[in-house]
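The values are calculated or read from the model by the stated rules, or taken from the named source; none is laboratory data. Because the structure is predicted, anything quoted here is derived from the model rather than measured. Heads up, the Cβs are rebuilt from the backbone with ideal geometry, glycines too, and the neighbour counts pull from every protein chain shown.
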Amino acid sequence: MSIELHTFKSVTELTKQLDDEVSRIKTLLGEYLRRLDESRARLEKLRKTQEVISKLTGGKSVAAKTGEGQTLDLMGLKVLVYVSPEDEAEVLEESVKTLQDKLNVLQRVRKALEPLGSLEEAGATLTAVMNDGIPTRILLRVT
């Protein structure tokens, strides 16, 4: 989590930055959703294959070496080795949810800023306290 201060000459300038971030997140979200669909398709193929193998072996589960994911901890950074389709789908689902949440917050902030648009004529500047790219406080200064 990072907190930064950004000063804007107008509400329009701030809302443009928010619009740009919303566009970036929507593009990223589209990419993640596409990858998630591909991952889910691979996962479904793997499940069907495992089901067939299970029937052939009389119910015994046989895992391929690459299907046995392992998690290594490197000073708090989790590294998944031999990533399974389940692991990949889980990570992508988590990423999609996080992006969707951030997108919703940005859109709510954007809407909340609309009434401040009339301050541009007064020559007001805004300093936004940004927490992970999301304005959490606005300091309004009339010049």
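For segment 103-125, the criterion of being more than 11 Å from Leu29 (Cα to Cα), under 13 Å from the mean Cα position of the chain (by Cα) and of a type outside the set (A, V, I, L, M) is satisfied by at least one residue.
Among the candidates Leu140, Leu126, Leu103, the residue that is surrounded by 11 or more Cβ atoms within 10 Å (Cβ to Cβ), in contact with a helix residue (DSSP H, G or I) (Cβ under 9 Å, 6 or more places away or on another chain) and either among the β-branched types (Val, Ile, Thr) or in a helix (DSSP H, G or I) (or both) is uniquely Leu103.
Going through (1) surrounded by 14 or more Cβ atoms within 10 Å (Cβ to Cβ); (2) in contact with a helix residue (DSSP H, G or I) (Cβ under 6 Å, 6 or more places away or on another chain) one by one, Gly117 falls short only on (1).
Listed by first and then second residue, the pairs linking a residue in segment 89-107 that is of a type in the set (Lys, Arg) to a residue that is not in a helix (DSSP H, G or I), with Cβ atoms under 9 Å apart and 6 or more places separating them unless they lie on different chains, are Lys102/Asp132; Lys102/Gly133; Lys102/Ile134.
Can you spot a residue in segment 64-83 that is in a loop (DSSP other than H, G, I, E, B), basic (Lys, Arg) and at pLDDT below 80? Looking for residues that are in a loop (DSSP other than H, G, I, E, B), basic (Lys, Arg) and at pLDDT below 80, one finds none in segment 64-83, hence no. The residues of segment 117-132 that are modelled with pLDDT of 75 or more and charged (D, E, K, R) amount to a single one, Asp132.
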